[in-house]
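Novice: Just passing along the structure, written as structure tokens.
The values are calculated or read from the model by the stated rules, or taken from the named source; none is laboratory data. Remember, it's a predicted structure, so these values are computed and weren't measured experimentally. Cβ: placed from backbone, ideal geometry, glycine included. Neighbour counts: every protein chain shown. With ligands, DNA and RNA removed, areas are computed over all heavy atoms of the protein, side chains included. Shrake-Rupley method; radii C 1.70, N 1.55, O 1.52, S 1.80 Å.
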Amino acid sequence: MSIDLTASRRIARTLFAAQSLGSAAVVAVFPIVAIAGARLSGHPSWAGVPATGYQVGAAAAALGWGRLMDPLGRRGVLLLGMLLGVAGSAAAGWAILSRSFGLFLAGGVLLGAAVSAVQLSRFVAAEVHPPDQRGRALSTVVLGGTLGAVLGPLMAGPASRLAAHAGLDELSGPYAASALLFLAGGAVVFLGLRPEPRDLVRALAGGSSDPAAGSGGRRLREISSAPGVQVATTAMVFGQLVMVMLMVITPLHMREHRHAVSSISVVISAHVVGMYAFSVISGRLADRVGRGPVILAGAAGLILAALAATLSPRVLPMAVALFLLGVGWNFCYVGGSTLLADQLSPGERARTQGLNDLLIGLASAAGSAGSGVVFAAAGYDVMGLVAVLAACVPLVLAALNRADGPRVKVAAGPGA
């Protein structure tokens, strides 16, 4: 059975819009999370706790979302994730108004769980496209993060002013905007994600010569032992670890060198541009030159970025280093995600991809916590060297295995 490319492209466009709205919903509240956390807890040292709760929520929910992808369908899981985002934003906003730190933490956990569902949309785009277009389709969805990074702040400022004008705490405004963005994302998924991607994948599997394609497939232990899966997962997990380690602590490092908040914002903005703006390039390269070379380039970029970050604390060198960090992460993320999709039959994808995102979430939490420990104990330069060592893991593994394409034969191309 051949792939209906018209339906596949429509699904990809819908997922791009959903990813954009979901990303914007989170970016809208990121700048005030630490401020609200410190105010509600009464302890400035607890300012980072809500962000940790967000990361824990994202990691804990990823595996569950993956297992629900088949019984509920892709549309059902993404819609449920968006609605959970509405609930999390509403809870956090109400917590600010009622001065409840516990409710604020709960809202952050729900937001993390919501985002982990939205992030699985990249795999949905990949699985409804033939192998030679998966990288491009997946990267299109990841690119939605760029639009979200712009749309979120644009809504956060006016929302804060509206809340203050209404006599409410101005910090509650961005959470109201976040709830509306999640609600709009849910509407996009409910109305636009048709046909149901799960049913499209199952229809394609019915025409496959692979006996495992329409079944539950291999056990997770067997899947995890496949070299291609190991390369893909390692690229994403260690890419996330290195990126978070440097991104989280760089503002504090620059603050110690007396940089203004505006200068720090320029560096972080350069990083966000590197993370998302090059998705189309990384996706096209993954399809044209292979997944393995893209992962190798990404790991090399992470190493270069970590080394460059230790050279100078000035704004321009730091902006270049963090920009390279974002590009390196993107290549590892897109190349690894595409390679993982290649390795799995339809019956294996949802649960394996959920486990993969669980590991990414744990890497985020470990990178966030570990960066502070290393920075406090040994300084920024040593932390940069630790990041270099971590980035060498996917570089070496990808070079040794040379995993570059599908290992599971499924019906994927026109006329298959």
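Novice: Using the Kirkwood radius over C-alpha pairs as Rh, can you work out the diffusion coefficient of the stretch 135-208 via Stokes-Einstein at 25 °C, viscosity 0.890 mPa s, in µm² per second?
Specialist: 163 µm²/s
Novice: Further question on the same structure: To two decimal places, what compactness ratio does the stretch 280-332 give when its Cα radius of gyration is scaled by 2.2 N^0.38 Å?
Specialist: For the stretch 280-332, the normalised Cα radius of gyration is 1.22.
Novice: If we restrict to alpha carbons, what Rg and Dmax does the chain come to, in Å?
Specialist: Values for the chain (Cα only, Rg and Dmax): 20.7, 64 Å.
Novice: Stokes-Einstein at 10 °C, 1.306 mPa s, Kirkwood radius from Cα pairs: D for the stretch 238-282 in µm² s⁻¹?
Specialist: 138 µm²/s
Novice: A further question follows. Can you give the three extents of the C-alpha atoms in the stretch 8-122 along their principal axes, from longest to shortest, in whole Å?
Specialist: Principal-axis extents of the stretch 8-122 (Cα, largest first): 50, 24, 21 Å.
Novice: May I pose another question? Provide, as a two-decimal number, the C-alpha radius of gyration of the stretch 215-352 over 2.2 N^0.38 Å, N being how many residues it has.
Specialist: 1.20
Novice: Could you tell me the relative contact order of the chain? Use alpha-carbon pairs under 8 Å, at least six residues apart, and round to a whole percent.
Specialist: 26 percent
Novice: Between Arg13 and Leu316, 0.36 nm times their residue separation minus their Cα-Cα distance comes to what?
Specialist: Additional length available on full extension: 105.5 nm.
Novice: Helix 131-165: angle to the longest alpha-carbon principal axis of the chain, degrees 0 to 90, nearest 10?
Specialist: Between the helix axis and the principal axis of the chain, the angle is about 30 degrees.
Novice: Lys and Arg at +1, Asp and Glu at -1: add these up for the other residues within a Cβ distance under 12 Å of Ala61 and post the number.
Specialist: Overall, the nearby charge balance is 0.
Novice: Right, next: Could you state the orientation-averaged shadow area of the convex hull built on the Cα atoms of the stretch 46-201, in nm² to one decimal?
Specialist: 9.7 nm²
Novice: Enter the angle in degrees (range 0 to 90, nearest 10) between the Cα long axis of helix 101-119 and the first principal axis of the Cα atoms of the chain, meaning the one along which they spread out most.
Specialist: Here the helix axis deviates by roughly 30 degrees.
Novice: Calculated from DSSP H runs of 4 or more alone, at -39500 (n - 2.57) each and per residue, what is the 222 nm mean residue ellipticity of the chain, nearest 500?
Specialist: -28500 deg cm²/dmol
Novice: Can you give the FRET efficiency for His43 and Leu168, using 1/(1 + (r/R0)^6), R0 = 35 Å, r = Cβ-Cβ distance, to the nearest 0.05?
Specialist: Calculated value: 0.90.
Novice: OK, next. Comparing Ala28, Ala187, Ala309, which has the greatest mean-square fluctuation in the GNM of the chain with Cα pairs linked when under 10 Å apart?
Specialist: It is Ala187.
Novice: Here's another thing I want to ask about it. I'd like the accessible area for Val272, computed on protein heavy atoms only with a 1.4 Å probe and all protein chains in place. Round to 10 Å², please.
Specialist: 50 Å²
Novice: May I pose another question? Helix 172-192 against the longest principal axis of the chain: what's the angle in degrees, Cα atoms only, rounded to the nearest 10?
Specialist: Around 10 degrees separate the two axes.
Novice: Can I ask one more? In what sequence, largest accessible area first, do Ser100, Ser269 appear using a 1.4 Å probe?
Specialist: Highest to lowest solvent-accessible surface, that is Ser269, Ser100.
Novice: Using only the C-alpha atoms of the stretch 328-387, find the volume of their convex hull and express it per residue in Å³.
Specialist: Cα-based convex hull of the stretch 328-387, divided per residue, equals 78 Å³.
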